[in-house]
Structure formats: structure tokens, C-alpha cells
1. Go through the stretch 120-167 and give me each residue that's under 13 Å from the mean Cα position of the chain (by Cα) and open to solvent by 70 Å² or more (accessible area, probe 1.4 Å).
2. Does L157 fit the bill of being touching a Lys or Arg at 6+ places or on another chain (Cβ under 8 Å) and either in a helix (DSSP H, G or I) or within 14 Å of L112 (Cα to Cα) (or both)?
3. Select from the stretch 56-86 the residues that are of a type in the set (A, V, I, L, M) and in contact with a Ser or Thr (Cβ under 8 Å, 6 or more places away or on another chain) and write down the one among them that is surrounded by the most Cβ atoms within 10 Å (Cβ to Cβ).
4. Of the residues that make up the stretch 54-68, is at least one among the aliphatic types (A, V, I, L, M), free of Cβ contacts under 8 Å to residues at least 40 places away in the same chain and within 23 Å of K144 (Cα to Cα)?
5. Mind listing just one residue for me: the one in the stretch 99-119 that is part of a loop (DSSP other than H, G, I, E, B) and under 19 Å from K71 (Cβ atoms) and, of those, least open to solvent (accessible area, probe 1.4 Å)?
6. Testing V24 on (1) in a strand (DSSP E or B); (2) open to solvent by 10 Å² or more (accessible area, probe 1.4 Å); (3) touching a residue at least 40 places away in the same chain (Cβ under 8 Å), one condition comes back false. Which one is that?
Amino acid sequence: FLAACSSSDDKSVAGGASGDAGVVAVKDLDVAGLTQKGPFVKGSAVTVQGIDCKTLEISDEYFEGQVNSDKGDFALDNVTLSSSCALFEVTGKYRNEVTGKKSAGEITLHALTDLKDRKNVNINVLTELEYERLMYLVTEKDKKFEEAKAQAEKEVLAAFGIAGDFDNSE
């Protein structure tokens, strides 16, 4: 369930400007997905933090869960955020895609996404590669989240010689 809100003076926009206290952009959203390097193993930590879509400042809205099986799947229920943008993070061991064995050490991967039109979010190597670029484009180049996201995804794929239009990496 998603709700967009605005005030009559147009200063308050869900997921945006400071001073939007009380604005709810995402309410009681059940979000699920996969965590993949090789699949993260059962018990790996998954978190969701709210972020401001315009500044990418992290809010105090924080939800935590874990990977449910060795297939890398997770589900978080009742996520409520004042912004539709969110930072997903997974930390843990993963199944090595070459050997099939559990990794010796842990890694952390991120995904930045806009939850306004989605309830499935995958956290993977592509989302990790676009993470810092997206942050830079929004905070240093003043790009809007959606525009920066599209540019970061295209640049990551182009680095591997891949061109075309694809769904979001998450």
C-alpha cells in the first residue's frame, strides 16, 4: 500500500523536502526479494533504511530482517517510510557460485530503490556497483533520483559492454 501526499501550498512532497514530518510515502509495505553474490545464506542480515529521495540523507526509519533460506530470499513486513526511497543492505556469507561452498568471510551489498511502484527488491552485485555512482549523481550533480538511477544503471552495464534497455537491476 502506497500513499502520496501533498499540501495545499505544494511545499510538502512525499519523500522529499525537509519539514515533511508526518508525511507517509510507504505504509505497511511487505517487501521481499533475493540477495545474490552467489545466494546469501540463511540468517544473513537484511536491513531497510528510509532515505530522502532528494538529498539521499538517511532517516531514522530502520527495519531489519534476515535471509530465510540458503537460496537468498528475504521478506520484511510492515515497512513504513516517510519517503518512497530506501536503502537496502545485506551482510553475511554466501554460497560460492563456483565451488558451491559457503564463503569463508562475510560481505555487504547495497541497493538504492524507490518503493513507490515495487514490493520486490533484489540486492545483488549490479545494485552494489551502481550504489556509489547513484549517490554521487544525486548529491554532487543535483540529479533527481529517478534520472540518476537510470544513468547509474546504464553506466554500470556499459562498463561490461552491455547496451540496451533493461528492468531495474534490483
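The values are calculated or read from the model by the stated rules, or taken from the named source; none is laboratory data. The model shown is predicted, which means the values in this text are computed figures rather than measured ones. Neighbour counts are summed over all protein chains in view; Cβ atoms, including those assigned to glycine, are modelled from backbone coordinates with ideal geometry. Only protein heavy atoms, including side chains, enter the accessible area calculation; ligands, DNA and RNA are left aside. Shrake-Rupley method; radii C 1.70, N 1.55, O 1.52, S 1.80 Å.
1. Passing the criteria: N120, L129, E132, E146.
2. no
3. A86
4. At the first step, the residues of the stretch 54-68 found to be among the aliphatic types (A, V, I, L, M) are 56, 58, 67.
Right, trim to free of Cβ contacts under 8 Å to residues at least 40 places away in the same chain and you get 58, 67.
Then drop every residue that is not within 23 Å of K144 (Cα to Cα), which leaves 58.
Scanning the stretch 54-68 turns up at least one residue that is among the aliphatic types (A, V, I, L, M), free of Cβ contacts under 8 Å to residues at least 40 places away in the same chain and within 23 Å of K144 (Cα to Cα).
5. Only one residue tops the list, namely S103.
6. (1)
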